[in-house]
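Asker: Attaching a single structure in structure tokens format; questions to follow.
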Amino acid sequence: MYAQMVDTGVKSLKHRSEMSADEQAFMARIDNESKIEPQDWMPDAYRKTLVRQISQHAHSEIIGMQPEGNWLTRAPTIKRKLQLAAKIQDECGHGQYLYSAAETLGVGRDQLLDQLHTGKAKYSSIFNYPTLNWADMGAVGWLVDGAAIVNQVVLQRTSYGPYSRAMIRICKEESFHQRQGYEILLTMMQKGTPAQKDMVQDAINRFWWPSLMMFGPNDDASTNSAQSLAWKIKRKSNDELRQMFIDQTVPQLEVLGCTAPDPDLQWNPETGHYDFGEIDWSEFFNVIKGNGPCNKQRLEKKVKAHENGTWVRDAAQAYATKQQAGAATKKEAS
Amino acid sequence: MSTADWPLFEVFIRSRHGLSHKHVGSVHAVDATSALENARELYTRRNEGTSIWVVPSNAISASAPEQKDALFSSPVEKIYRHPSFYKLPAEVDKM
């Protein structure tokens with residue numbers, strides 16, 4: 001999931017009888033599966049939670065360009081380079097769709113970027129891990145985009161209209177990301193040298209657990225998660241989504257001829273799901289807090305890119321002002 | 001200079017199948033020309049369309065949610081406006 005641990009500002013779920021008439025009418029619409037649109041009345045906490053979740057999601061897409069950008073100039077063939085460039089451009093586009101959706105809630109894009117640049121806003125923990133070899137491009141596409149797709153497919157039914165529509169658009173585009181990633185790994189496993197095959201297994205070893213952490217903490221005792229589910233901002237719990245991801249990914253892992261770095265991973269015929277080992281939550285919280293391997297580097301690079309783009313924005317503004325002045329003078333003269 | 005003052009444009013795209021322009025999202029831009037360029041980059045990476053409109057968001061007048069009943073409840077009752085209201089014998093029911 002690209003949004004983890006989104007604070008709803010709510011300590012406990014309200015009973016219907018404690019709600020105002022507006023809130024009751026709002027909840028009736030949610031229960032009815034009608035979408036909430038920008039002009040509709042909504043509880044403040046719902047609005048704030050959406051802004052947090054959508055902007056966190058947007059920031060993740062934007063920061064998510066960096067781990068892949070790292071390999072753009074070193075892609076093994078021109079074909080792979082073009083594919084990777086197209087994928088990175090998509091991530092940027094997805095960030096833009098999501099910022100647009102957040103803006104419909106009355107928050108400015110500059111405000112959101114400021115929150116990212118000052119470290120106030122979070123983005124997904126997964127992008128704070130380094131990409132060390134070419135197989136990482138395959139593992140990121142397959143596992144990281146794969147986990148994001150599981151989450152986003154469900155989010156297409158989220159209760160807020162603009163968020164839902166952004167998700168539908170993103171899901172249409174994202175499937176290519178996962179397939180190209182898997183194809184990179186498959187090619188290396190089927191045609192690669194022993195050293196290249198080792199790279200694939202190494203990439204999977206490093207990205208397996210962080211990918212599972214993308215879905216966020218376990219469900220138990222998470223008021224935020226319960227509130228988001230009640231508002232239908234989220235449609236499935238973290239643990240449900242994680243299980244869906246594991247169940248669909250393990251057979252793909254077997255086709256590759258690789259293994260997961262989890263000795264407890266095995267099919268459970270009774271539950272009809274894969275059992276898996278305990279996630280190292282101390283690592284997750286540490287990365288979220290800013291102490292992952294690349295947190296500092298990612299943020300610095302983002303801020304620098306924004307600053308370096310200042311002259312482009314200034315030039316665009318100056319040109320537009322000049323054009324408008326020219327048009328006004330012409331109009332006066334005629 | 002801050003981009004906070006850059007106006008917002010709503011983007012509409014006509015698909016290749018000849019349907020009307022459809023709203024797809026929005027972009028910020030200094031003016032309409034660059035809004036078109038931004039919209040092209042953002043919303044037509046996969047051959048989605050053959051034509052783009054951009055409209056300043058503040059130029060759109062919209063109905064208010066409170067008017068929903070007044071505006072839209074009456075047609076709900078007028079079921080005789082739909083072909084399925086008219087029951088015809090099986091021999092001619094493909095009409």
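Asker: If a residue has to be of a type outside the set (Val, Ile, Thr) and either modelled with pLDDT of 95 or more or assigned to a strand (DSSP E or B) (or both) to count, how many in segment B:1-19 make the cut?
Answerer: Qualifying residue count for the region: 5.
Asker: While we're on this one: For B:Gln67, work out the one condition from (1) crowded, with 16+ Cβ neighbours inside 10 Å; (2) within 14 Å of chain A (Cβ to nearest Cβ) it doesn't fulfil.
Answerer: Result: B:Gln67 passes all but (1).
Asker: From the residues in segment A:53-80 that are out of contact with any helix residue (DSSP H, G or I) (no Cβ under 8 Å at 6 or more places or on another chain) and assigned to a helix (DSSP H, G or I), which one is surrounded by the most Cβ atoms within 10 Å (Cβ to Cβ)?
Answerer: The residue in question is A:Gln56.
Asker: Look at segment A:74-85 and say how many of its residues are touching a residue at least 12 places away in the same chain (Cβ under 8 Å) and within 14 Å of another protein chain (Cβ to nearest Cβ).
Answerer: 2
Asker: Looking only at segment B:7-47, count every residue that is more than 18 Å from A:Leu98 (Cα to Cα), facing chain A (nearest Cβ under 10 Å) and surrounded by 16 or more Cβ atoms within 10 Å (Cβ to Cβ) and tell me the total.
Answerer: Matching residues across segment B:7-47 total 3.
Asker: Please go through segment A:227-241 and give me each residue that is closer than 20 Å to A:Ile279 by Cβ and of a type in the set (Gly, Ala, Ser), ordered by number.
Answerer: A:Ser237 - this is the single residue of segment A:227-241 that is closer than 20 Å to A:Ile279 by Cβ and of a type in the set (Gly, Ala, Ser).
Asker: Taking the stated definitions as given, is A:Met167 surrounded by 20 or more Cβ atoms within 10 Å (Cβ to Cβ) and part of a helix (DSSP H, G or I)?
Answerer: When the stated conditions are applied, A:Met167 passes them.
Asker: Oh, and also: Counting only residues that are among the charged types (D, E, K, R) and free of Cβ contacts under 8 Å to residues at least 40 places away in the same chain, give me the helices (runs of 4 or more DSSP H) lying completely in segment A:215-305 with at least 2 of them.
Answerer: Hits in segment A:215-305: A:238-256.
Asker: Conditions: (1) out of contact with any Leu (no Cβ under 7 Å at 6 or more places or on another chain); (2) modelled with pLDDT of 95 or more. A:Ser211 meets all but one. Number of the miss?
Answerer: A:Ser211 satisfies every listed condition except (1).
Asker: Further question: If we scan segment A:259-278, do we find a residue that is surrounded by fewer than 16 Cβ atoms within 10 Å (Cβ to Cβ), over 30 Å from B:Ala29 (Cβ atoms) and among the β-branched types (Val, Ile, Thr)?
Answerer: The answer is yes, given that some residue of segment A:259-278 is surrounded by fewer than 16 Cβ atoms within 10 Å (Cβ to Cβ), over 30 Å from B:Ala29 (Cβ atoms) and among the β-branched types (Val, Ile, Thr).
Asker: Out of B:Arg40, B:Arg45, which single residue is charged (D, E, K, R), in contact with a Gly (Cβ under 8 Å, 6 or more places away or on another chain) and under 30 Å from A:Lys87 (Cα atoms)?
Answerer: Residue meeting the stated conditions: B:Arg45.
Matching residues to (1) without any contact (Cβ under 8 Å) to a residue 40 or more places away in the chain; (2) surrounded by fewer than 23 Cβ atoms within 10 Å (Cβ to Cβ); (3) of a type outside the set (Gly, Ala, Ser); (4) within 14 Å of chain B (Cβ to nearest Cβ):
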| position | (1), (2), (3), (4) |
| --- | --- |
| A:Gly108 | yes, yes, no, yes |
| A:Ala121 | no, yes, no, no |
| A:Gly138 | no, no, no, no |
| A:Leu143 | no, no, yes, no |
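Asker: Restricting to segment A:28-44, name every residue that is surrounded by 15 or more Cβ atoms within 10 Å (Cβ to Cβ), closer than 19 Å to A:Leu229 by Cβ and without any contact (Cβ under 8 Å) to a residue 40 or more places away in the chain.
Answerer: The answer is A:Arg29, A:Met42, A:Pro43.
Asker: Within segment A:187-206, how many residues are more than 27 Å from the chain's Cα centre (by Cα), surrounded by 15 or more Cβ atoms within 10 Å (Cβ to Cβ) and free of Cβ contacts under 8 Å to residues at least 24 places away in the same chain?
Answerer: Going through segment A:187-206 one residue at a time, the tally reaches 2.
Asker: Quick check, is A:Tyr160 touching a Pro at 6+ places or on another chain (Cβ under 6 Å), more than 12 Å from chain B (Cβ to nearest Cβ), aromatic (Phe, Trp, Tyr) and crowded, with 18+ Cβ neighbours inside 10 Å?
Answerer: Spelling it out, it is not the case that A:Tyr160 is touching a Pro at 6+ places or on another chain (Cβ under 6 Å), more than 12 Å from chain B (Cβ to nearest Cβ), aromatic (Phe, Trp, Tyr) and crowded, with 18+ Cβ neighbours inside 10 Å.
Asker: Quick one: A:Gly290 ticks every box in (1) at positive phi; (2) in contact with a Ser or Thr (Cβ under 9 Å, 6 or more places away or on another chain); (3) of a type outside the set (A, V, I, L, M, F, W, C) bar one, so which box is it?
Answerer: It is condition (2) that A:Gly290 fails.
The values are calculated or read from the model by the stated rules, or taken from the named source; none is laboratory data. This structure is a prediction, so every number in the text was calculated from the model and none was measured. Glycine gets a Cβ as well: all are built from the backbone with ideal geometry, and neighbour counts include every protein chain shown.
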